[in-house]
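For reference, the structure discussed in these notes is given below.
Only the coordinates and a few stated rules stand behind these numbers; no lab work does. All of these numbers come straight from a predicted model, not from anything done at the bench. Cβ atoms come from the backbone with ideal geometry, glycine included; neighbour counts cover every protein chain shown.
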Amino acid sequence: MLLLGAVAKAVDRTAQGPAVLLPVPLRRPFSLAHAGLEAVLAVALLTLTGPAAEAARTATAVVFAVGLAALVQMRRRDPEMGCGCFGGLSTEPIGWRSLTRCGLFLAAAAATVGVPRPGWAVLADPTLWHGAALAVEVVVIAALSPEIGEIGVRLRSPVPCELREVSRSRLLRRLRASAEWRERRSLMTSGEPVDTWRHGCWWLARFAGRDGERTVDVVFAVEVAGRRPEVRALVADTAAGTSADVSGPG
């Protein structure tokens, strides 16, 4: 799972999870560093023996403990934020499944401390018990992984984006996981859109807002297709009908 998380963060440039709390120039370096740490720990768990193995196992447990604490804090700060556990696949708002999964990984990492055999030795000489335990773990982790649904969407037969049907709830999740949403959330008077519509490959949503004494419309455009859907934003003066701020991607 550490290796899968590392690969997902490395290949998908969408900033999610703790990375979005950093300034934009630091988000990608942070994601790559996080991926590198996970890859190093995964290799260490598989190959090291003796005191070095114990250090790696302890470090892995610490990483998951810090990760669980970070997820709790991120959920309190922004309930719509994705965990970023598997890069851009983790756009689902942090919920009980993500928290439970991280807690189980923490328990599993802590349980390896003191185990005499390295990971490669277990893989080289599996028992029926190992196979049964692995099967149960796969089922439980799959049930606790909202990323499975996102993978399914991406693997479906391709349909022209103009004709692709995407649920309103999924598009709202993509929008609320974007930097454009977080940067303009303070302007909006409600988290629900006043109006939504489709235009080709884009889904647009208009939110009522205020900027000081001005009444404004905050309009977002979410790309329907793509592995990393683009999000654009525009803030317009409602009375004058003029654009105050346009930006993208998110």
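Using the Cβ-Cβ distance between VAL113 and ARG76 with R0 set to 30 Å, the FRET efficiency from 1/(1 + (r/R0)^6) comes to roughly 0.50. Per-residue extension of 0.36 nm, minus the Cα-Cα distance of HIS199 and ILE151, leaves a gain of 14.8 nm for this segment. Here the spin labels are modelled as points 7 Å beyond Cα on the Cα-Cβ line, and at VAL11 and THR189 they lie 4.6 nm apart. At q = 0.10, 0.12, 0.15 Å⁻¹ the log10 of I(q)/I(0) for the chain amounts to -0.57, -0.77, -1.08, computed by Debye summation with a single uniform scatterer per C-alpha, solvent ignored.
What number, in percent, do you get for the relative contact order of region 1-153 if the mean sequence gap of Cα pairs under 8 Å and at least 6 apart is divided by its residue count? Each step should come with its number before you reach the end.
Details: 173 pairs, mean separation 42.8, N = 153.
So the answer I get is 28 percent.
Between ALA135 and THR238, the simple label model (points 7 Å from Cα in the Cβ direction) yields a spacing of 6.0 nm.
Stretching the chain fully between LEU104 and SER169 yields a gain of 20.6 nm (0.36 nm per residue, less the alpha carbon separation). Packing, taken as the mean count of other beta carbons within 10 Å per residue, orders the peptides 208-214, 94-100, 231-237 from highest to lowest as 231-237, 94-100, 208-214. I'd like the orientation of helix 128-143 relative to the chain: the angle between its Cα long axis and the longest Cα principal axis, in ° from 0 to 90, rounded to 10. Approximately 10 degrees, to the nearest ten. Over every Cα atom in region 1-65, the radius of gyration and the widest Cα-Cα span, Dmax, amount to 13.1, 41 Å.
For region 1-122, what does the alpha-carbon gyration tensor say about shape, rounded, prolate or oblate, given a ≥ b ≥ c as the root eigenvalues, a/c under 1.5 as rounded, and a/b over b/c as prolate? If you can, show how the numbers build up before the last one.
Working: a/c = 2.37, a/b = 1.66, b/c = 1.43.
Prolate shape, in that a/c is at least 1.5 and a/b is the bigger ratio.
The angle between the Cα long axis of helix 24-47 and the main principal axis of the chain comes to about 20°, on a 0 to 90 degree scale.
Could you tell me how far the Cα centroid of region 187-202 sits from the Cα centroid of region 76-115, in Å? About 30 Å separates the Cα centre of region 76-115 from the one of region 187-202. With the helix formula -39500 (n - 2.57) applied to DSSP H stretches of n ≥ 4, the chain reaches a computed 222 nm mean residue ellipticity of -16000 deg cm²/dmol.
Rounded to the nearest 10 degrees, the angle from helix 2-11 to the longest Cα principal axis of the chain is 40 degrees.
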